[in-house]
Amino acid sequence: MIFVTKPFLPPREEYERYVNGIWQRNWLTNHGPLVNELELQLKDYLQLDHLLYLNNGTIALQIALKALGLKGEVITTPFSYVATTSAIAWEGLKPVFVDIDPQTANIDPNKIEAAITPRTSAILATHVYGNPCDIDAIKTIADRHRLKVIYDGAHCFGTKYKGRSVFEYGDISTTSFHATKLFHTVEGGAVFTTDPDLLKKMALLRNFGHEGPNDFGDIGINGKNSEFHAAMGLANLKYIGEILESRKAQWLRYRDLLAGFQARTIRITEGAEYNYAYFPLIFSKEEELLKYLDMLGKGQVFPRRYFYPSLNRLPYVKQVEAPVSEQISSSVCCLPMYYDLSPEIQQMIARFLLRMQNN
Ligand SMILES: *Cc1c(COP(=O)(O)O)cnc(C)c1O
């Protein structure tokens with residue numbers, strides 16, 4: 001059976017070498033040496049001054065929202081994973097949905113200003129499938145209305161925008177290192193900022209608000225990650241070059257194989273160096289998608305409806321119309337992509353799709 005993704009695993013001995021050190025030190029969590037080393041190596045790889053390694057990408061979003069001291073309404077995208085919206089609601093803020101651009105599936109900056117009210121405090125947008133939002137347009141709007149900007153960069157590891165890591169943009173960027181993501185630490189996440197004060201604040205929030213053993217400066221949460229997770233991250237990071245290269249080759253292969261196919265994929269944002277994390281296929285309507293999914297399932301191939309449903313239809317939000325997001329989320333799937341996916345399997349998947357189209 002071929003699923004949409006399969007986690008990368010490093011050679012077992014390389015992970016065990018790190019784990020042996022954990023046994024020697026008997027230091028399992030709470031800012032241990034491997035967490036520290038992973039933070040240093042990530043900063044070096046991404047060429048960033050500040051980041052915090054966290055226990056997952058959802059806590060990263062919550063810490064970002066909390067650290068900025070937001071109130072009222074947060075403008076966000078209906079086309080993302082549920083955590084983008086649920087984090088806003090969980091922090092007692094109101095998600096306000098702005099529809100997406102049909103070509104990139106990212107929030108449409110031309111529709112943001114109409115959604116701004118006196119209660120708006122921030123914009124939280126997702127770089128969907130790892131492809132950057134229109135960062136410059138969003139910054140112009142945010143500056144004009146004095147809004148904070150947070151980017152959910154859960155798909156973005158390795159993506160650059162105008163020559164810099166995409167995580168450098170916005171007041172805060174977040175990411176996820178969940179096992180399903182291109183670079184992972186089993187569970188994990190991070191926050192990024194260029195502002196040292198904001199970094200300090202988020203470090204406090206990550207650790208229950210501890211300012212000293214018995215001092216609590218602020219309300220906090222447990223956002224720490226463990227030495228075992230950092231060990232997986234360190235072992236995987238050695239392979240990131242190969243992981244990114246194989247993704248790119250796979251992405252381009254799907255594109256070429258499916259050049260004559262009726263469904264389209266996304267447009268890569270200008271100025272981006274894309275990480276090729278996902279290969280979405282957007283059909284003209286849901287019936288078409290379901291027909292193809294059914295046929296692929298019979299061949300033991302299981303793409304994923306990602307993202308579905310459109311988040312403006314969640315039961316705990318104020319439901320508004322977002323026709324582009326609803327149309328795309330009902331008719332999109334992501335094709336299988338993982339480190340050791342072979343060209344032969346990709347050819348087989350493409351053959352299934354093209355044969356059905358021509359029948
Ligand atoms: C995976 C994902 C998250 C959540 O990250 P976790 O590490 O699983 O908590 C948030 N946003 C998006 C867009 C994601 O894809």
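Quick note: the coordinates plus some simple rules give every number you see, no bench work behind them. Fair warning: this is a prediction, and the values are worked out from it, not measured in the lab. Reconstructed Cβ throughout: ideal geometry from the backbone, glycine too, with neighbour counts over all protein chains shown.
Order these peptides, 287-296, 12-21, 32-41, by their mean beta-carbon neighbour count within 10 angstrom, highest first. Walk me through the numbers before you get to the answer.
Numbers: 287-296: 15.7, 12-21: 13.9, 32-41: 18.7.
In descending order of packing, they fall as 32-41, 287-296, 12-21.
The 3J(HN,Hα) values that the Karplus relation (6.51, -1.76, 1.60; θ = phi - 60°) gives for segment 307-313 are, in residue order, 9, 8, x, 5, 6, 5, 9 Hz. Gly and Pro appear as x.
Per DSSP H run of at least 4 residues, take -39500 (n - 2.57); add these up for the chain, divide by its residues and hand me the 222 nm value, nearest 500 deg cm²/dmol. Please list the in-between numbers first.
Working: 11 runs with 136 residues, N = 359.
Here the helix-only value at 222 nm equals -12000 deg cm²/dmol.
Label-to-label distance, T140 versus R253, with points set 7 angstrom from Cα along the beta-carbon direction: 4.1 nm.
Here the residues T126, T104, ranked from fewest to most Cβ neighbours within 10 Å of their Cβ, fall in the order T104, T126. In order along segment 53-63, the Karplus-derived 3J(HN,Hα) couplings, from 6.51 cos²θ - 1.76 cosθ + 1.60 at θ = phi - 60°, round to 7, 10, 7, 5, x, 6, 4, 4, 5, 5, 5 Hz, and Gly and Pro are given as x.
The Cβ shell under 15 Å around Y292 holds other residues with a net charge of +4, Lys and Arg each +1, Asp and Glu each -1. Each of A179, L341, L65 was scored by the projection of its Cα onto the charge dipole of the chain, and the greatest displacement toward the positive side belongs to L341; charges sit on the C-beta of Lys, Arg, Asp and Glu.
Scalar couplings 3J(HN,Hα) for segment 347-354, obtained by applying the Karplus form with A = 6.51, B = -1.76, C = 1.60 to θ = phi - 60°, are 5, 5, 4, 5, 4, 3, 5, 5 Hz; x denotes Gly and Pro. Highest mean packing comes first when the peptides 181-189, 160-168, 134-142 are listed by Cβ atoms within 10 Å, giving 181-189, 160-168, 134-142. Each Lys or Arg adds one and each Asp or Glu subtracts one; over the other residues with Cβ under 11 Å from the Cβ of I112, this totals -2.
If you run the Gaussian network model on the chain, springs between alpha carbon atoms under 10 Å, then out of L257, L42, L311 the most flexible one is L257. Given the options F283, F79, F261, which has the most mean-square fluctuation in a GNM of the chain, springs set between C-alpha atoms less than 10 angstrom apart? Largest GNM mean-square fluctuation: F261. What fraction of the DSSP beta bridges in the chain is antiparallel, stated in percent and rounded to the nearest 5? Rounded to the nearest five, the antiparallel share is 55 percent. Dipole orientation for the chain: of the candidates M1, F167, W90, M1 has the Cα lying most toward the positive pole (charges on Cβ; Lys, Arg +1; Asp, Glu -1).
Translational diffusion coefficient of the chain at 25 °C, 0.890 mPa s, Stokes-Einstein with Kirkwood Rh over Cα pairs, in µm²/s as a whole number. Write down the numbers at each step before the final one.
Values: Rh = 21.1 Å.
Rounded, D is 116 µm²/s.
Under a 5 Å amide H cut-off, with hydrogens placed 1.01 Å from N, T126 pairs with T77, I107, D152 among residues at least 5 apart or on other chains. Scoring 60-69, 2-11 by mean Cβ neighbours within 10 Å over their residues and listing the highest first yields 60-69, 2-11. For E273, the residues 5 or more places off, or on other chains, whose built amide H falls under 5 Å of its own are K160, Y161, K162, G163.
Taking 25 Å as the cut-off for C-alpha to C-alpha distance, list the pairs among K248/K298; K94/K139; K71/K111; K148/K200 that go past it.
Beyond 25 Å between Cα atoms: K248/K298.
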